[in-house]
1. Within the bounds of segment 199-222, is there any residue that is within 30 Å of Thr509 (Cβ to Cβ), open to solvent by less than 10 Å² (accessible area, probe 1.4 Å) and over 18 Å from the mean Cα position of the chain (by Cα)?
2. Filter segment 408-426 for residues that are assigned to a helix (DSSP H, G or I), out of contact with any Leu (no Cβ under 8 Å at 6 or more places or on another chain) and either open to solvent by 70 Å² or more (accessible area, probe 1.4 Å) or within 16 Å of Thr239 (Cα to Cα) (or both) and give the result.
3. Looking at Val303, Val237, Val268 in this structure, which one is in contact (Cβ under 8 Å) with a residue 12 or more places away in the chain and crowded, with 22+ Cβ neighbours inside 10 Å?
4. With the structure loaded, tell me whether Leu164 is within 21 Å of Pro345 (Cα to Cα), crowded, with 20+ Cβ neighbours inside 10 Å and out of contact with any Phe, Trp or Tyr (no Cβ under 7 Å at 6 or more places or on another chain) or whether it fails that test.
5. Leu73 fails exactly one of the following numbered conditions: (1) open to solvent by 30 Å² or more (accessible area, probe 1.4 Å); (2) at pLDDT below 85. What is the number of that condition?
6. Taking the stated definitions as given, is Phe398 at pLDDT 90 or above, open to solvent by 60 Å² or more (accessible area, probe 1.4 Å) and aromatic (Phe, Trp, Tyr)?
7. With the requirement that a residue be open to solvent by 40 Å² or more (accessible area, probe 1.4 Å) and within 22 Å of Gly461 (Cβ to Cβ), what does segment 169-196 give you?
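The values are calculated or read from the model by the stated rules, or taken from the named source; none is laboratory data. What you are looking at is a predicted structure, and each value in this text was computed from that prediction instead of being measured. Here the Cβ is made from the backbone with ideal geometry for all residues, glycine too, and neighbour counts use every protein chain on show. When the accessible area is computed, the model is the full protein with side chains, heavy atoms only, and any ligands, DNA or RNA have been set aside. Shrake-Rupley method; radii C 1.70, N 1.55, O 1.52, S 1.80 Å.
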Amino acid sequence: MGFSDLLDSIGGLGRFQFINITLLFFAGVLVGSHQVLQNFTAAVPEHHCKIPNMTIVYRRWNGAWSNLDNQTLLKAFIPHDQNNKPVSCLQFKEPQWHLIFSNSSLTNTTGLETETCRHGWTYKRQEFTETIVSEWDLVCDMKHLRHTSQTIYMIGVLVGAIILGSLSDKFGRRTLLIWSYLQLAVAGTSTAFSPSYSVYCFLRFLAGFAVSGVLLNSLSLNLEWIPIRSRTIFGAVFTACFTLSQIVLAGTAFAIQDWRKLQIAQSVPIFVAFIYSWWFPESARWLALNKKPDQAIQIIKKVSRINGRAKEGEAITLLSMRSTMQLRCTNTSYSNKKRIFVCHPLPRCATSFSYFGLIMDLQKFTLSVYLVQLIFALIEIPCKTVSSLMMMFLGRRFTQKSVLMVPGCLVLVNTFLPNELQTVRTTLAVIAKGLFASCFKCVYMYTSELYPTIIRQTGIGFASTLASVGSMTAPLVMMLEDYFSSLPGLTYGLFPIIAGCFVFFLPETLNVPLPDTIDDVEAQQSNQLQRTLAYLQK
C-alpha cells in the first residue's frame, strides 16, 4: 500500500485535483513560450549594407537628380544574388553605375572589388518591426551571437536544473515553485528594457534558470496528487500547456512585432501565476518522507475538505498514515537506481537536443515564420494524443523508444533530400517535431514515475541537466552547417536513435504506484522480473 491509497480514500480525482492542474496549466502556457520566444525576438530580417545618401551620390556622378527608386540604385553599390536580391554582408568598394540598368545576376559582378559593410545595415521591417538582431546588428560576422544568446538561456536552464532539483528535495516543491514564478516574471520583464546585448544575455540566463524551477516543481506538484489510474491523462493534459503556449505565442508575435513589447506581453502575466501560486499546497508525499508528517496530515485534510470528503480526511491520523504508506528511508546503493540514473538521462538529452535543433531556426523554411510556428504547434496535438494512447495501452517504455527512434529516422531522411523538394522536407520536419514534442510529454512523465519521492526532484534535476546540455548545444551545432551542410541534420537524427536503445534497459511503470523510497523502486523491479519469469515459464 502507498500514498495512492490515501488519495483514493479522500476522493481520488476530485475538485482539488482539477483546480490544481488548471492553475498549473495556465502558468505553464505563460512559461512555455519562453522556451521558443527567441524565434521572434531574435528573428533575422532581410538586410543589406547601409548606403547613406545614395541619391546625392548619384547626382554627383550624373549631374542631375535621380528618378530611380532606391532598389534600383542599390545595384550600383551592392552585389546581387541569382534571385536579383542584394547580398547581406558585402558592398562594392566603388559604385558600379553600369549595373543600374542591368537585370543580370552575379556573372556581371565577377571580379569587381567588394568589402564588408562600412556603415552598418539596412533592415526590411515588413515582417519584424524590431528584433535584437536588427537593434544590435547581430548579422554577418556577428551572426553567431544570435545563437549564443539562446545557448546562454539554455545554460540558465541547465544551472537551474542542477541547483533547484536538489533544493526542491530539501525545501519542498511549493517554495521553489513560488520563487521561480517570481524570478521569471521579474527577469522576463526586465529583459524588455535591456540596454545592451550583454545585459540581455544575463537576464535571459536568469529567465532560463527560473523556467527550470517551474518545470521541475509544477510537474511534481501535479503528478504527486494524482491517482494511478488518472496519471497518464492528467500528465498529458498538463504537458499540453506547452503546445497551447506555442499557438498563443504565434498569434501574439504576429500582433506584436517589436521584440521589447513582445517580451513584456509574455512576461508580465507571470506575475498573476506568482500571486495565485501561494494557494498551492505542498506535496504531502514530500512532507511525509521528510519527517513532517503533521503538516502532511493537515494538507491531506484540507484536500479532503475541498474534495467533499472531510469525514474521511478527519479519520486519517499519524499512525494510520505511517501504517498505510509503510515509510522507509535508506541510504543503501542499489543496482536499479544506478541503471535509472545512467540510462534515463540520455533520452532526455537527445529529446531536447533534436527538438530545439528543429524549432530554433524556423526561418530556414520558405513559409512565414508565424505560420511555421503555428503549424509546428498544431502538429503536436495529434502526435501527443497518439502517444498518450500508446502510453496507456502499450506502456511507457515502448512509447519512449518509438517517439525517439521514428523522428530520428525522419530527420536523417530529411537531411539527404534535395532542397528542391521543399514541401516534402517541411512535411517531414513538421512530423518529426511533433513526435519529439510527444517524446517530451512521455519523458517528463516517465522520469517522475521512475524516481522515488525522496529523491524525485534530484533525479529529475539530473535528467534535466543533461536535457539542458542537449538544448544548449543544439543552436551551436547549427553553426557547423557553414562547414558541412549535412552535419546538423545527421547529428539531430542519429542522437535520438542511439538514445532510444538505452530505453531498453529501463523498467516499465504503467499502472505502477509512484515509488516513495528507493526500496520501493527495488521492490517494483523485482516484482516485474518475477512476473516476466512466470510468463516465460507458461
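1. The answer is yes, given that some residue of segment 199-222 is within 30 Å of Thr509 (Cβ to Cβ), open to solvent by less than 10 Å² (accessible area, probe 1.4 Å) and over 18 Å from the mean Cα position of the chain (by Cα).
2. So the first thing to find is which residues in segment 408-426 are assigned to a helix (DSSP H, G or I), and the list is 408-415, 422-426.
With the extra rule that they be out of contact with any Leu (no Cβ under 8 Å at 6 or more places or on another chain), the set shrinks to 409, 422-423.
Listed by number, the list holds a single entry, Thr423.
3. Numbers: Val237 fails: crowded, with 22+ Cβ neighbours inside 10 Å; Val268 fails: crowded, with 22+ Cβ neighbours inside 10 Å.
After ruling out the rest, the residue left standing is Val303.
4. On the way: within 21 Å of Pro345 (Cα to Cα): yes; crowded, with 20+ Cβ neighbours inside 10 Å: yes; out of contact with any Phe, Trp or Tyr (no Cβ under 7 Å at 6 or more places or on another chain): yes.
So Leu164 passes the test.
5. (1)
6. Yes, satisfied.
7. Start the filter on segment 169-196 by keeping residues that are open to solvent by 40 Å² or more (accessible area, probe 1.4 Å), which leaves 170-171, 174-175, 179, 182, 186, 190, 193, 195.
Scanning segment 169-196 gives Lys170, Phe171, Arg174, Thr175, Trp179, Leu182.
Here is a yes/no grid of residues against (1) in a helix (DSSP H, G or I); (2) more than 23 Å from Thr175 (Cα to Cα); (3) touching a residue at least 12 places away in the same chain (Cβ under 8 Å):
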residue: Ile264; (1), (2), (3): yes, yes, yes
residue: Ile275; (1), (2), (3): yes, no, no
residue: Trp278; (1), (2), (3): yes, no, yes
residue: Glu282; (1), (2), (3): no, no, yes
residue: Arg285; (1), (2), (3): yes, no, yes
residue: Ala288; (1), (2), (3): yes, no, yes
